Amino acid sequence: MKRYLDYFWPALGLVAVVWSVKLLYDKLRAEAAVDQGVRALLGAGGVWGDLKLIAGVIGAKLADIPVHSWLLAFASTIAAYAALAWYDRIALLHLGKARGISFLYVAVCSFVTYALSHNIGASVFSGGMVRLRAYTAKGLTAAEVAVLVALCSFTFAFGTLLLLGVVLVIEPQILRPLSSMSRHFAIGDGAARAVGFALLAFCCVYTVGAWMRLHSLKFGDFRLVYPRLPIVIRQYIAAPLELMGAAGIIYFALPSAGNPGFLMVLGAFLLSFSAGLLSQVPGGVGVMEAVFLAVMPGVPATAVIAALMVWRLFYLLLPLALSIPVILLFERSQLGKATRGLQPPPGGH
């Protein structure tokens, strides 16, 4: 059975590559098809014709963004993905498994994990499988990888609650325009600020639990350890850094005229991206556009769409494209190890 599994995982990796390439093309095509004239031409000239149309449309929409905004958006992307790698490092420290695993290895694993899960959705499956392959190769058990995935997810959720609490306390009016999308947002500024304080209170309670060194929970042979204070302090830094970096991509790509400010952009990002993740919509397609257009009535809709396109380009599409050769190289190395393991020793029969 082990021999079959040695070939199954590389085959699964190849399927992921093919799926990723198709997903990358479909996403770019969907972005270009927003223009009705382009939509009518798509398909007439074959794949290469479609690629030329897609490139032309995207280039025209992004040409108005100044160079310094591109550079700042790119720097925000680097900060966001560096913080995502820190998520994994924090989880390894919590497990006591950081020794012997370089930060470069962790960063590459994290990059591929999030590149796939952000685009494909179903992050527990898509991202979890990548981490399972990468970290079991470094000696972690499947149960330890499961804890790592859970803690990374919680770090993201913790950062979201923390920053959303700050946004609602300072800018509770952010929910007003969203009441047209759902009646659940029509709660008034006072209630919105109260929700913000409640979210911050939850973060404080979680921190106090770490400070008090709460006991771990045991479920049979499985033990769930409450994160210690040094781990929580790292979460306080890494999670906001990642989320602010991701939101910064959009903020820097927006025009200055009518820009509501970073805090409002951050709030819109937290609400829309979290809704997209909960609904398992890859990249939050449709959800993000609706939220941002509602929160930013003073910014031209075309400028908002262009800024979100920059976010998808830097945060979703380019990482997805770069992750494909990484998967191929990793699976090629794993397949080589499996093949060498099947070869008889010198002089054997």
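Numbers for the structure displayed
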| quantity | calculated |
| --- | --- |
| Members of region 166-190 found to be part of a helix (DSSP H, G or I), of a type outside the set (A, V, I, L, M) and free of Cβ contacts under 8 Å to residues at least 40 places away in the same chain, listed by number | Pro172, Gln173, Arg176, Ser179, Arg183, His184, Phe185, Gly188, Asp189, Gly190 |
| Condition broken by Cys152, with the remaining ones in (1) more than 22 Å from Ala85 (Cα to Cα); (2) part of a helix (DSSP H, G or I) satisfied | (1) |
| Residue match in region 160-171 (condition: at pLDDT 90 or above, touching a Ser or Thr at 6+ places or on another chain (Cβ under 7 Å) and either under 17 Å from Ser274 (Cα atoms) or not charged (D, E, K, R) (or both)) | yes |
| Subset of region 144-191 [hydrophobic (A, V, I, L, M, F, W, C), surrounded by fewer than 20 Cβ atoms within 10 Å (Cβ to Cβ) and within 20 Å of Met296 (Cβ to Cβ)] | Val166, Ile170, Leu178, Met181, Phe185, Ala186 |
| Test: residue in region 195-205 that is under 30 Å from Tyr135 (Cβ atoms) and either touching a Leu at 6+ places or on another chain (Cβ under 8 Å) or surrounded by 15 or more Cβ atoms within 10 Å (Cβ to Cβ) (or both) | yes |
| Verdict on Ser117 being at pLDDT below 95, assigned to a helix (DSSP H, G or I) and touching a helix residue (DSSP H, G or I) at 6+ places or on another chain (Cβ under 7 Å) | yes |
| Filter result for Gly196 (in contact with a Gly (Cβ under 7 Å, 6 or more places away or on another chain), more than 24 Å from Asp88 (Cα to Cα) and touching a residue at least 12 places away in the same chain (Cβ under 8 Å)) | yes |
| Criterion: of a type in the set (A, V, I, L, M), modelled with pLDDT of 80 or more and in a helix (DSSP H, G or I) - qualifying residue of Leu28, Leu84 | Leu84 |
| Residues of region 280-311 that turn out to be closer than 14 Å to Leu178 by Cα and either hydrophobic (A, V, I, L, M, F, W, C) or at pLDDT below 75 (or both), as a count | 9 |
| Near pairs, Cβ below 9 angstrom, 6+ apart or cross-chain, from region 128-147 (closer than 11 Å to Cys109 by Cα) to any residue that is surrounded by 19 or more Cβ atoms within 10 Å (Cβ to Cβ) and of a type in the set (Asp, Glu) | Arg131/Asp88; Arg133/Glu331; Tyr135/Asp88 |
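The values are calculated or read from the model by the stated rules, or taken from the named source; none is laboratory data. Note that the structure is predicted; figures quoted are calculated from it, not measured. When we count neighbours, we look across all protein chains shown, and the Cβ atoms used for this are built from the backbone with ideal geometry, even at glycine.
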